[in-house]
1. Does region 49-59 contain at least one residue that is surrounded by 19 or more Cβ atoms within 10 Å (Cβ to Cβ) and touching a residue at least 12 places away in the same chain (Cβ under 8 Å)?
2. Examine region 9-32 for a residue that is surrounded by 13 or more Cβ atoms within 10 Å (Cβ to Cβ), more than 30 Å from Phe92 (Cβ to Cβ) and polar (S, T, N, Q), and state whether such a residue exists.
3. Please give the number of the condition Leu5 fails out of (1) within 27 Å of Glu93 (Cβ to Cβ); (2) out of contact with any Pro (no Cβ under 9 Å at 6 or more places or on another chain); (3) hydrophobic (A, V, I, L, M, F, W, C); (4) buried (at least 20 other Cβ atoms within 10 Å of the Cβ).
4. If you check Gly68, Gly84, Gly76, Gly90, which single one turns out to be of a type outside the set (Phe, Trp, Tyr), touching a Pro at 6+ places or on another chain (Cβ under 9 Å) and closer than 19 Å to Thr26 by Cα?
5. Is it the case, given these coordinates, that Gly76 is surrounded by fewer than 18 Cβ atoms within 10 Å (Cβ to Cβ) and touching a residue at least 40 places away in the same chain (Cβ under 8 Å)?
Amino acid sequence: MGAFLLLTAWRMTRGTHGWTPRIILTGASLLAFGYSVLTPLYQAGILVPLSKIGMMGINPDAVIIWHGVRLLAMNGGWLMFGLGLAAHAGLFETVKSSAPVQAPRPRTSPLHEPVA
């Protein structure tokens, strides 16, 4: 899944320039690392899940660090990928009005003028 996502993101951003393709490819790279490297290592038992931190012979520092790497790669990857896709789709762009900007007219009467 990680390699497919990276390849799809690369093909989608191949002809574009600027920050949008960089953000998309950064997110896709983080997700590819998470899905292609970290998840199989967790499933194979090489990286120990956080729930086994109290077991004998397991270094708790390494467990917490790898858990942090996994959280950063997966959550940061989805965040960057989603923000890049939203920027690519133009969701953050504002519509510019073609009307000229007019200065407000000054008041001719004071604010607290009696009505009667």
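No value in this document is a laboratory result; all are computed from the given coordinates. Computed from a predicted model, the values in this text were never measured in an experiment. Cβ: placed from backbone, ideal geometry, glycine included. Neighbour counts: every protein chain shown.
1. no
2. No.
3. Status for Leu5: all satisfied but (4).
4. Criteria check complete, one pass: Gly84.
5. Considered against the rule, which asks whether it is surrounded by fewer than 18 Cβ atoms within 10 Å (Cβ to Cβ) and touching a residue at least 40 places away in the same chain (Cβ under 8 Å), Gly76 comes out as yes.
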